[in-house]
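Worksheet for the structure shown next.
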Amino acid sequence: MPPDVPVRRGWLVLGLLLLAVQGIANGAGVRQEPGSPHETDELRAKRQQFQALELMPARASAWVFQAGATPRIVWRDAEEARRLGADMNFQVRWFDRDLREASEPDAGGRWMASLEGTSPNGSPFRRSLTFFVLPEKMEGTFVPDLTVKLPKFPGPDAPPAWREHQAEFDRVAKELLVHGLVDCEKGSILMAGIFESTEAGRPKWLTEWTTVVSDERQLALKLKLAGLLDRVQPLRPPRHREVNASVLRDGPAAEAGVPEDAMARIDAFCEEWNRATGVPFVTLVARRGVIITHRGFGVTATGQPVGEDHRCWIASLSKTVTAILFLQFIDQGLIRLDDRLGSVFPDYSPFGEFVPTFRQCLNHSGGLSGHAGFGGMHNPHLENIVLNGIDANRPGTKIEYCGLGFELVAKAMELVSGKPAARIYSEHLFEPLGFGDVFVGNASSDIELTARELAVLGQWMLNEGSYGQLEFVSPEIFAEMLPRPMDLPAAFIPQGLGLHAVFHRKPGAPADSHAPADLLFGPNTAGHGSFSGCVLVIDPDQDLVIVQARAEFKPEDGDWHTRFFQTVAEANGPAAPSR
């Protein structure tokens, strides 16, 4: 589906569930080169079943344990693992937080289990898990209050019989929390991170969260075991320009080149839209760097007016952010866009034609499917899980909208720079642009930004890779991001890197027309949408940025969405000629 059309998150969840249970194939596999599409689909289904297998401690609640009680690590579904040809005798090596190896954990604190073997397709099998060993003595410890209340569950509209169980629901929630801390890896990661944490005198930034600290330790171990420590190349800061590029700023309508009533017309429409659907949002429209309007409309679930600095889950717009960040690696010669992933991931090299290029990962032609599965960029060996099914991959044969390629790009950035992905986003994009602490859950669909922050990225693109005094990439490298036609099945619109062509049509124009005379904006307009309804559109011909940040998109928002762009186009006057 064209990603510029927002879809309700419920349909996404349903789609992911269907993907999780599709296609059951029999028999264990070995590396092969299938011929027909049917054979390829059958092999892919088999490989996906292997990739979905989970590893776990053999006994319950063993992610947190005492020294001397080292758990045995096993396949959760051993029978299925054997059927698919999984390595049942993989090697397990133990490392502490300082990467000291021991035959088994012998001291309290963070421990990482590194697993190595062979996958059914003949590729190396690599996984790494985090455990927490209880110290013999924990100075200054306290017992945290794990009381859990569920005031919104089962909810005021629930049947009376459900609401009569409120006290029981609350007690079970507490039991589930305690159980979860010791019986899942997220719990051991949290406890290890808290054990190592020092006081900062302020709320911790994302880069200090226990998840990111775990990513950093796992990456250090990965680099050590792969012998790649001497290949780490730091990403340099943005360059300083002699002449500043445009930045978003307040200014008169005349400076923006729009009619005096442009703001009033856009705001009036947004107010009407919010009253009709009840969904709050923030809109920002800017031209020539001058903000025409920047306002919040509606109230939050708690009844508070939505402020201009309201941060929203931007869902698939995260792909655009990841592509913008990745261009810096291309610009500095650390990664080449048209190289296959094997140029960064050594294990990929023997699999040649099955392996996509970085460009294919970012323009949905890499043969991959899914979004942030297998833990996304937070999985220490995500690229290895993909490798274990790479022989069913056919890059460059069709367009299939997916996020897995973006997660792989994030893992490549980690391996090259020696930093966990969350730190790369923060230190090399968000902080230089003045965003501050930004949440990044994964590379393809889980970043939170304000409307202004999205608009800054839009202006960055209009400036061809610069913002203010900083040049992040050269105009020549930025041009690689722009949409271009692709002669592939399902290539309905030109695709770029985390970006695609946008064709908003005038009322009455043919539904599939790309003719400039039928379009609301210039023929070079590009952008991306999201499942949450957030939108970022740039029109280089008019030097125009259009942003909407919102948390939800209802079916009835569809017509309003179409009319919104019509209103913006009409309010800004006739489109400028293509440049």
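The values are calculated or read from the model by the stated rules, or taken from the named source; none is laboratory data. Only a predicted model underlies this, so the values are computations on that prediction, with no experimental measurement involved. Reconstructed Cβ throughout: ideal geometry from the backbone, glycine too, with neighbour counts over all protein chains shown. Quick note on the areas: whole protein, heavy atoms, side chains included, nothing else; ligands and nucleic acids left out. Shrake-Rupley method; radii C 1.70, N 1.55, O 1.52, S 1.80 Å.
Just one of the listed residues (Val212, Val182) is under 30 Å from Val92 (Cβ atoms) and in contact with a helix residue (DSSP H, G or I) (Cβ under 7 Å, 6 or more places away or on another chain), namely Val212. The set of residues in the range 187-200 being farther than 19 Å from Asp145 by Cα and open to solvent by 70 Å² or more (accessible area, probe 1.4 Å) consists of Thr198, Glu199. Based on this model, can you work out whether Ala517 counts as in contact (Cβ under 8 Å) with a residue 24 or more places away in the chain, open to solvent by 40 Å² or more (accessible area, probe 1.4 Å) and among the hydrophobic types (A, V, I, L, M, F, W, C)? When the stated conditions are applied, Ala517 does not pass them.
Close contacts from the range 304-332, counting a first residue that is at positive phi and a second that is among the hydroxyl-bearing types (Ser, Thr, Tyr) and open to solvent by less than 40 Å² (accessible area, probe 1.4 Å), with Cβ to Cβ under 6 Å and a gap of 6+ residues or different chains, come to Ala315/Ser445; Ala315/Ser530; Ala315/Ser532.
Summed over the range 250-264, residues that are within 23 Å of Glu453 (Cα to Cα) and either among the aliphatic types (A, V, I, L, M) or assigned to a helix (DSSP H, G or I) (or both) total 7. On the stretch given as the range 310-334, residues that are open to solvent by 10 Å² or more (accessible area, probe 1.4 Å) and touching a strand residue (DSSP E or B) at 6+ places or on another chain (Cβ under 7 Å) total 3.
Determine, yes or no, whether Ala451 is crowded, with 18+ Cβ neighbours inside 10 Å, of a type in the set (A, V, I, L, M), in contact with an Asp or Glu (Cβ under 9 Å, 6 or more places away or on another chain) and in contact (Cβ under 8 Å) with a residue 60 or more places away in the chain. Spelling it out, Ala451 is indeed crowded, with 18+ Cβ neighbours inside 10 Å, of a type in the set (A, V, I, L, M), in contact with an Asp or Glu (Cβ under 9 Å, 6 or more places away or on another chain) and in contact (Cβ under 8 Å) with a residue 60 or more places away in the chain.
Scanning the range 71-84 for residues that are in contact (Cβ under 8 Å) with a residue 24 or more places away in the chain and among the aromatic types (Phe, Trp, Tyr) returns no hits.
This table checks each residue for (1) out of contact with any Pro (no Cβ under 8 Å at 6 or more places or on another chain); (2) hydrophobic (A, V, I, L, M, F, W, C); (3) touching a residue at least 60 places away in the same chain (Cβ under 8 Å); (4) in a loop (DSSP other than H, G, I, E, B).
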residue	(1), (2), (3), (4)
Phe50	no, yes, yes, no
Met56	yes, yes, no, no
Ala60	yes, yes, yes, yes
Ala69	yes, yes, no, yes
Ala86	no, yes, no, yes
Val92	yes, yes, no, no
Phe95	yes, yes, yes, no
Leu99	yes, yes, yes, yes
Pro105	yes, no, no, yes
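Residues of the range 123-177 that are of a type in the set (Val, Ile, Thr), modelled with pLDDT under 90 and surrounded by 14 or more Cβ atoms within 10 Å (Cβ to Cβ): Val148 alone. Assigned to a helix (DSSP H, G or I), of a type outside the set (S, T, N, Q) and open to solvent by less than 10 Å² (accessible area, probe 1.4 Å) - does that describe any residue in the range 335-342? Yes, that holds for at least one residue.
The sole residue among Gln495, Gln459 that is under 19 Å from Gln328 (Cα atoms) and either surrounded by 17 or more Cβ atoms within 10 Å (Cβ to Cβ) or touching a Leu at 6+ places or on another chain (Cβ under 8 Å) (or both) is Gln459.
Summed over the range 109-122, the residues that are in a strand (DSSP E or B), of a type in the set (S, T, N, Q) and surrounded by 18 or more Cβ atoms within 10 Å (Cβ to Cβ) give a count of 1. Just one residue in the set Gly434, Gly441, Gly465 is modelled with pLDDT of 95 or more, open to solvent by less than 40 Å² (accessible area, probe 1.4 Å) and on the phi > 0 side of the Ramachandran plot; that residue is Gly465.
Where helices (runs of 4 or more DSSP H) sit wholly within the range 154-249, those with at least 3 residues that are over 26 Å from the mean Cα position of the chain (by Cα) occupy 160-163, 166-182. Within the set Gln542, Gln548, the sole residue that is touching a Cys at 6+ places or on another chain (Cβ under 9 Å) and open to solvent by less than 20 Å² (accessible area, probe 1.4 Å) turns out to be Gln548.
Only one residue in Glu242, Glu255 is within 30 Å of Gly465 (Cα to Cα) and open to solvent by 90 Å² or more (accessible area, probe 1.4 Å), so which one is that? One residue alone meets the criteria, Glu242.
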